[in-house]
């Protein structure tokens, strides 16, 4: 009888892979700092963002800082940062300190700092006001503000005066957002006195200083600047109350505005007046303030950086001028269709935001124990997300350090994967469509009506980056010459 074939012994199963345990923040590298204080003093620096980016080069995409006895996680890997941004508002939120200091200063909570269900209600309300159809309806008023800018710059060119670039651009953005969001006639471009823009300018720098201060000296020994800030907050809040009163007056006179609001503020008031809205007048006021602050600094600083980068890259400036002067028939009355056709100007905007993002970092706070990029993040931990670092890495973006708007005209542009100037996820900037349109209009009236004679600083050095909640260029000046080929504004 033949011997049956033996049943082959199955090979031994490989030992199950043991998941690699997540690292603790304490195990990560990072700058040493001082005894007791750790890295706390670094947070007072107006170049904090540059230090954070330099440390990412030295210590890698995950490193730790220490401040006030707490460990802080810093991330620069754009894919991990994107996952953190997508996990808002459930897993991550704005920091508790931001909310505390903002409320102490007199800033009512708006969609920028709201969280949870409160944020969801306000977000729906704000997004409705910023939809493209609403912005299109406001477009004629956008042009009115742009014509004021032309008038101001025409007078400066006639007198051969040097223009303080950021100041004028912040007036332009304040006038724009006040009209679109609140239906209010604010003309800071035509006034040189005590205008609301001068009070708004104090808010973000003070908010940044107080958030990063190791000791709340303003509570114990208020300085002259602290007292000036308090007066500015009174002025700004009075202006906000005025916008609300004007809107309620219009809605009372024209009841159809409750169902067909003409601007963002009217839409917010109509929503807040519903019995089940869950929205208060304080939240409406908070969003008015949010729109004023966010609409001023971010867009104005981006335009200022773009003008400087174009001036220092003559070929790109020539191409931008040619596009505006050939595609826009009347630079005093450009159409929305012409704005949509300015592909190179739009590419310049994206390239400026890649190199000079006004928000190069975003601190968030973990709402629960989570694992981020293989690192354990306990509830309450501050996570600083670096939004520029990967977009200027040569191994990820070819010629990353160079201003090359043409890259944004290519179908395969690696910079698109790592550049997120408007944020990402559910809390992506609701005003991004308006901001892009504002920037296109500003560049159209500049390049269509004027030749640029100079852009730079008083000492001839490149403008320094200063972080004051938003990142801005320091001391940019501009001189213009009126083009004889352009149509002079008749205002």
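Every number here is computed from the coordinates shown, using simple stated rules; none is lab data. A quick note: this is a predicted structure, and the numbers were derived from the prediction, not measured. Cβ placement follows ideal geometry from the backbone for every residue including glycine, while neighbour counts extend to all protein chains displayed.
When only Cα pairs under 8 Å and 6 or more residues apart are kept, what is the percent relative contact order across the chain?
On the way: 726 pairs, mean separation 115.1, N = 491.
Averaging sequence separation for qualifying contacts and normalising by length gives 23 percent for the chain.
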* To do: Take the alpha carbon atoms of region 298-361, find their center, do the same for region 129-167, and report the distance between the two centers in whole angstrom.
  => 14 Å
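How much mean residue ellipticity at 222 nm does the chain get from its helices, if each DSSP H run of length 4 or more adds -39500 (n - 2.57) and you divide by all residues, to the nearest 500 deg cm²/dmol? Walk me through the numbers before you get to the answer.
Values: 17 runs with 233 residues, N = 491.
Only helices count here, giving -15000 deg cm²/dmol.
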* Relative contact order for region 194-324 using alpha-carbon pairs under 8 Å, separation at least 6, rounded to a whole percent? -> 19 percent
* To do: Work out how much length residue 394 to residue 368 would gain on full extension: take 0.36 nm times their residue separation and subtract the Cα-Cα distance, in nm to one decimal.
  => 5.8 nm
* To do: Give the angle, between 0 and 90 degrees and rounded to the nearest 10, that separates the Cα long axis of helix 96-105 from the longest principal axis of the Cα atoms of the chain.
  => 20 degrees
* Asked: Got a sec? Which residues in region 63-97 would a label at residue 120 touch, if it sits 7 Å along Cα→Cβ and we count backbone N under 13 Å?
  -> 89-91
* Calculate how steeply helix 224-253 sits against the longest principal axis of the alpha-carbon atoms of the chain, using the helix alpha-carbon long axis, and give the answer as 0 to 90 degrees to the nearest 10. => 70 degrees
* Quick one: length gained pulling residue 466 to residue 484 fully straight, 0.36 nm per residue minus the C-alpha distance? -> 2.8 nm
* **Separation of the residue 86 and residue 220 label points, Cα + 7 Å toward Cβ, nm** => 4.6 nm
* Asked: So how tilted is helix 432-449 from the main axis of the chain? Cα-based, degrees 0 to 90, rounded to 10.
  -> 40 degrees
* Roughly how many nanometres apart are two label points built 7 Å out from the Cα toward the Cβ at residue 137 and residue 59? -> 5.0 nm
* Asked: What residues of region 202-227 lie in the reach of a label at residue 104, counting those whose backbone N is under 18 Å from a point 7 Å from the Cα along Cα→Cβ?
  -> 203-227
* Asked: At a Förster radius of 51 Å, what calculated FRET efficiency corresponds to the Cβ-Cβ distance of residue 417 and residue 277, to the nearest 0.05?
  -> 0.85
